[in-house]
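Notes follow the structure.
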Amino acid sequence: MMRPSQFGVTAGIAGGGLSRRQLLAALGGAGVAIGLSSCEVVTDPDADRASPSPSRRYNIPDSGAKLPTGKVTFRWMDSGDLKALFEVPLFRAYEQKHPNITVDYQDSPWDRINEVVPLGVRNGTAPDVFAKPNNVPVQVMINEGWVAPIDDIIPDFETWKSRFPDNAFIPGVHIFNDRTYTWPVTSSKRYAHMLMYDREYLEDAGYDPESEPLSWDDFRAAAKKVTQQGDGDYYGLMLNGQGLAGVVGALAQVAGARGAGGPWIDWKTGEYAYTAPQVKQAFELLLAMKSDGSIFPGFLSLGDADARARMPQRVAAMVFDGPWDIPEWPTINPDYDFGVAMPPSPTAGTWAPANYQETGSNQVFVYAKSKYKSIAGDLFSYMGSLEGQTNIVIASGGNLGSQWPEANDRARRTDVLTDRSKAAWDIAERLMRMAPMVEVRSSEVVKVILELKPVTPTLADIAQGIMSGQLDDIDRALQDLKDRSEKNLDDAVAAARAKGADVSRDLWVFPNWDPTKDYTPDMYADLA
Amino acid sequence: MAATDLARVGRGGSEQISGSGRGPGSGTTWRRIVSSRWCYAFMLPSLLLGGMFTFYPMVMSWYFSFFNWSGFTAEMSFVGLDNYRELVRDPLFWDAFGRSFLFVIVAVPIRLVLSLLVAILLNNQALKLAPVFRTFFFLPVVTTAAIVGIVMTFVLSPFHGPVNQALTGLGLVPEPVDFLGDPDTALWAVMGVEIWKNFGITMIYWLAALQTVPRIYYEAAKVDGAGRFQLLRHITIPVLLPFAAIIILLTANSTLHVFAIVQAMTRGGPYFSTQVIEVYIYQTAFAADQVGGVPRLGYASAAGCFFGVVVMLIALLQVFAARKAAQVRSQLVSG
């Protein structure tokens, strides 16, 4: 694993003054150093054993794109984080290959992307490639002419696209009006609520969740015992006010609530899943732990990033979080020894599957008025190749996955991935099953999405209300949320139909869905 | 803007005291404009900027409030008063509206009284360290609200936060208080931080006002045997009255604009317990991705306009009160 001290970043972070983004940027810088040094290539497709040194090279082939010959600056804006570990060295390698091209990589927080991209589009100065602002639907960007299809930009597009797994390109997600506007840079298959814990604290309390998974009762008892051990200096469980709904969804899902988490729809019935009994049980578990005094004090006013950053400071023993912590925490506290385990379930060692939708993640779009679309096509061509996909996985330390099984396998054969990253991968493999997507069934569904109004209070709000004691009738609050959500979707369907869309609520019902299995293209075909 | 308003009030006060001033018969309107052309020339940049960044957005907010619009599409559907109809039926809006006014009703009097007392103390010329204390009280004003908010989350934290350590150390509370996580204390905690942060600016207003009180009044009253309280009761407060009206207006206005500090400290939570109207508008207009659905800029504009009208009505009442107070002061000093 790339240890921060190897790249001289430890001193800078010793004071704890660096943000997650800065730390990742530092790691990205380290990646540049590796990428541009004379390290050996280890992404040999035939490699069947671990490489002796964790390093990589970016062999960017000529894709056939007609690149500009003059001196140009190509601008790329996305949210950085783990993908920056791949992109920074890629861009530096690309600049070396094309000395006339400078890639201005703007690794930005989401607030900035949400602000800069729409403004940039309006005044014609948007970056050549950008991540979608969170609050702008893709369909809006396309209808308003913000973005260009990539079919004409990526050389030999059909061949390039054909290398991706079936259903990787989804109408309503990547394809609109028969044109492809974006692509799945990485896989969505990342489990975001693993049990990440302080090994020393849990061992002292007599628990080892990696080898002996916890039941809900064990989990509660372990948190209580750790809190007693901590005597006010550390606590059993870290939560945060923004992430409560996600934790409840994850706990309910492994307890068997169909459709909990994600879009919160039980695809078997097409109805919202908020009233599943396991959701209430998950709330009751957390409330019991709160009354035990086992949850980190002040968690309701903590943000997601604050809570995450406090774990390596050893103020709590357990947290539910995703693989992005794995490369970050050692940079905050190199001595922090943490484990990565399956989440607790009502019965130790048995978990209901967690369902996810494979839309891909980290998608970017090409600005419609960009003068340098060919550079975007050239870069996409490499990023969507086997070597590119493998390098994404390796550069992120295995904390980003590819939709290409072969790229994941090749990355895993190197010794770049830590045991923790491999554990995170195994947990995702073991728990996660692909759920159906209504957008795949009908591209008309996007017209419904454009009609959806925000449903407030959300589950996130309600979770705060329950945990703060403002809402004491959990059943009523969840039933109310379900009723409002159902009506909102019904209204949106009706509004879309009134505008000519061929949609109905039946599209949300997948009678052949089996939550324990991946929903495959054949299953969509069976519906017809 | 605040300093200009104060100067205007101060000027008005002294005009009435002296009984002089530019009378209506000093020339035609055009001649007055020509003779004051440099004043207008210097005001022009401010007018232009105000027009671009205050008046234009204000007018456009009214316009958008009649449309169903996400803020991103070229297509806007005219919905007439539908946004307003939906708004008056939205309990979350009224709750946020109420919290904003609770903020004003509680925070403004506290800020006004505390800052007046400190200003009176610091206005004492015998106090040699007055400039140091003025700077000390004013420092939080010039500190970014978001930074103050974030720092205060640590200061008020129930986990080793200094406030809780002091409270538990002194035995005032048996266990740490979750100031920002408890719905019963969150709004008051944010309010306390807001008062502390902006206390200095109100104090400066009062100091400016106090410096317009002619010292001769105090000296004359002292010769007549008036004590400190009588000086305050019969001279300082009556002379400050017209200033008080405008200072209340400015303080109430700033207390209605607490978005940054609330967003940094609680984001309106837990469960809306600190969601003031600005946070409600922000979450409706720009943060829809966090709650699902498409942003509703038209609806949020309606909320902003509705709230703006209410604030304007309050401001008009205060202007009326300021005029009345100026008359009282005029009678006082001439009598």
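The values are calculated or read from the model by the stated rules, or taken from the named source; none is laboratory data. Just so you know, these numbers come straight off a predicted model, no measurement behind them. Cβ placement follows ideal geometry from the backbone for every residue including glycine, while neighbour counts extend to all protein chains displayed.
Whether a residue is assigned to a strand (DSSP E or B) and either under 28 Å from A:Asp304 (Cα atoms) or within 14 Å of chain B (Cβ to nearest Cβ) (or both) was assessed, and A:Leu237 passes this test. Out of A:Phe176, A:Phe130, one residue alone is at pLDDT 95 or above and either out of contact with any helix residue (DSSP H, G or I) (no Cβ under 9 Å at 6 or more places or on another chain) or among the hydrophobic types (A, V, I, L, M, F, W, C) (or both). It is A:Phe130. Screening A:Leu400 on (1) surrounded by 23 or more Cβ atoms within 10 Å (Cβ to Cβ); (2) not in a loop (DSSP other than H, G, I, E, B) shows it passes everything except condition (2).
Listed by position, the strands (runs of 3 or more DSSP E) enclosed by the range A:280-383 include none that has at least 1 residues that are within 24 Å of the chain's Cα centre (by Cα), free of Cβ contacts under 8 Å to residues at least 60 places away in the same chain and under 22 Å from A:Ala192 (Cα atoms). Is it the case that B:Val173 is surrounded by fewer than 18 Cβ atoms within 10 Å (Cβ to Cβ), in contact with a Leu (Cβ under 6 Å, 6 or more places away or on another chain) and either within 13 Å of chain A (Cβ to nearest Cβ) or not aromatic (Phe, Trp, Tyr) (or both)? Taking the combined requirement at face value, the residue satisfies it. Residues that are more than 12 Å from B:Leu207 (Cα to Cα) and among the hydroxyl-bearing types (Ser, Thr, Tyr) within the range B:105-140 comprise just one, B:Thr135. Residue count for the range B:111-132 satisfying the condition of being assigned to a helix (DSSP H, G or I), over 22 Å from the mean Cα position of the chain (by Cα) and over 19 Å from B:Val213 (Cα atoms): 2. Name every residue in the range B:139-170 that is away from chain A (no Cβ under 11 Å), without any contact (Cβ under 8 Å) to a residue 60 or more places away in the chain and among the small types (Gly, Ala, Ser), in order of residue number. Passing the criteria: B:Ala166, B:Gly169.
Only residues that are part of a helix (DSSP H, G or I) and more than 26 Å from B:Thr73 (Cα to Cα) were counted across the range A:68-122, and they come to 17.
Quick check on the range B:35-69: of everything there that is among the hydroxyl-bearing types (Ser, Thr, Tyr), closer than 14 Å to B:Gly304 by Cα and in a helix (DSSP H, G or I), which residue is nearest to the chain's Cα centre (by Cα)? Going through the qualifying residues, I end up with B:Thr54. Cβ separations smaller than 7 Å between residues 6+ apart or across chains give the following pairs from the range B:297-312 residues that are touching a residue at least 60 places away in the same chain (Cβ under 8 Å) to residues that are in a helix (DSSP H, G or I) and surrounded by fewer than 20 Cβ atoms within 10 Å (Cβ to Cβ): B:Tyr299/B:Glu86; B:Ser301/B:Ser61; B:Ala302/B:Tyr84; B:Gly304/B:Ser61; B:Cys305/B:Ser61; B:Cys305/B:Trp62; B:Phe306/B:Tyr84; B:Phe307/B:Phe97.
Using the structure shown, decide if B:Leu87 is closer than 30 Å to B:Arg134 by Cβ and part of a helix (DSSP H, G or I). Spelling it out, it is not the case that B:Leu87 is closer than 30 Å to B:Arg134 by Cβ and part of a helix (DSSP H, G or I). Candidates in the range A:141-176 are the residues that are within 14 Å of chain B (Cβ to nearest Cβ) and part of a loop (DSSP other than H, G, I, E, B); of these, the one that is nearest to A:Ser370 (Cα to Cα) is A:Trp146. The number of residues in the range B:251-301 that are at positive phi, surrounded by 23 or more Cβ atoms within 10 Å (Cβ to Cβ) and at pLDDT below 85 comes to 0. Looking across the range A:480-518, just one residue is crowded, with 20+ Cβ neighbours inside 10 Å, more than 30 Å from A:Ala288 (Cβ to Cβ) and within 10 Å of chain B (Cβ to nearest Cβ), and that is A:Ala492. Only one of the numbered conditions (1) crowded, with 18+ Cβ neighbours inside 10 Å; (2) within 14 Å of chain A (Cβ to nearest Cβ); (3) under 27 Å from B:Ala264 (Cα atoms) is not met by B:Trp94, and that is (1).
Applying the criterion of being touching a residue at least 40 places away in the same chain (Cβ under 8 Å) and within 7 Å of chain B (Cβ to nearest Cβ) to the residues of the range A:460-479, the residue that is nearest to the chain's Cα centre (by Cα) is A:Gln464. Of all the residues in the range A:283-303, those that are within 11 Å of chain B (Cβ to nearest Cβ) and surrounded by fewer than 20 Cβ atoms within 10 Å (Cβ to Cβ) number 3. Among the residues making up the range A:240-282, those that are on the phi < 0 side of the Ramachandran plot and within 14 Å of chain B (Cβ to nearest Cβ) are A:Asn240, A:Gly241, A:Gln242, A:Gly243, A:Leu244, A:Ala245, A:Gly246, A:Gly249, A:Pro263, A:Ile265, A:Tyr272, A:Tyr274. For the range A:104-135, the set of residues classified as among the hydrophobic types (A, V, I, L, M, F, W, C), within 22 Å of A:Ile150 (Cβ to Cβ) and free of Cβ contacts under 8 Å to residues at least 40 places away in the same chain consists of A:Ile113, A:Val116, listed by residue number.
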